[in-house]
Amino acid sequence: MKLIATAFVVSSLVSWAVGLSAPTNLPAEVTPPTGSKYITSLYAVGTQNYVCKDGKWVFSRPVASLYKVGTDPYNKTTKARRVGDHYFWDTPMPDATTGGRATWELKYREQIVTTKVWHTKDSPSPLFNIAWLLTNTTYYKGPKRGVFASVGHVVRADTRFGVGGGAPDNCTNGSEAKQPYSALYHYYTKIGVPVPDAPISDDDDDDD
């Protein structure tokens, strides 16, 4: 099924080039705590990957590209602004009190942030679309003044597809199934930390 990326962008967000507005459609379960400030949003397109274990499909990892909101990765006549990647570390971060595998990597100034799930909320159509999430930052790598340096929470919202693995008949131990998905990821500061002046440069496009 061909996904039309522009249909997935919520109406409360405007083009990156003129600035973004904080989302207004977040349920309480995935709303960052009071004192966290909205930084920006990125649009993810990729797959939710599942591995067959003991005859059942088990979630393994996401593999997605990150784009500036307002661009269309499916439109071949325009250059979508791909700014990074979303993936899992192979193992959780070593700090036993925090952990976390979900990682977002910006190409601009090589910034990496890793988080751990705090709260979940079923999507409006849970049979088709994966859950919405509120996550807490557990690891950061990059410049001290990078946009991700101030991130305390990442929210996954407005998800499309990504549910389940493959057909039961195709589930043999060790096999993998990839389900296409898209989502908006909203980034918020740690409590009491100011918002960066310039989230991401317009010159950080990736040509891949």
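The values are calculated or read from the model by the stated rules, or taken from the named source; none is laboratory data. Only a predicted model underlies this, so the values are computations on that prediction, with no experimental measurement involved. Heads up, the Cβs are rebuilt from the backbone with ideal geometry, glycines too, and the neighbour counts pull from every protein chain shown. Keep in mind that these areas ignore ligands, DNA and RNA; they rest on the heavy atoms of the full protein, side chains included. Shrake-Rupley method; radii C 1.70, N 1.55, O 1.52, S 1.80 Å.
Within the stretch 124-132, is there a residue that is modelled with pLDDT of 95 or more, of a type in the set (Phe, Trp, Tyr) and buried (at least 22 other Cβ atoms within 10 Å of the Cβ)? Looking through the stretch 124-132, at least one residue is modelled with pLDDT of 95 or more, of a type in the set (Phe, Trp, Tyr) and buried (at least 22 other Cβ atoms within 10 Å of the Cβ).
The set of residues from the stretch 125-148 being within 19 Å of THR103 (Cα to Cα) and free of Cβ contacts under 8 Å to residues at least 40 places away in the same chain comprises ALA131, THR135, ASN136, TYR140, LYS141, GLY142, PRO143, LYS144. Remark: pairs (first residue in the stretch 25-39, aliphatic (A, V, I, L, M); second residue surrounded by 14 or more Cβ atoms within 10 Å (Cβ to Cβ) and part of a helix (DSSP H, G or I); Cβ separation under 7 Å; 6+ apart in sequence or on different chains) = ILE39/VAL147; ILE39/SER150.
Of the residues in the stretch 143-153, at least one is open to solvent by 70 Å² or more (accessible area, probe 1.4 Å) and at pLDDT below 95.
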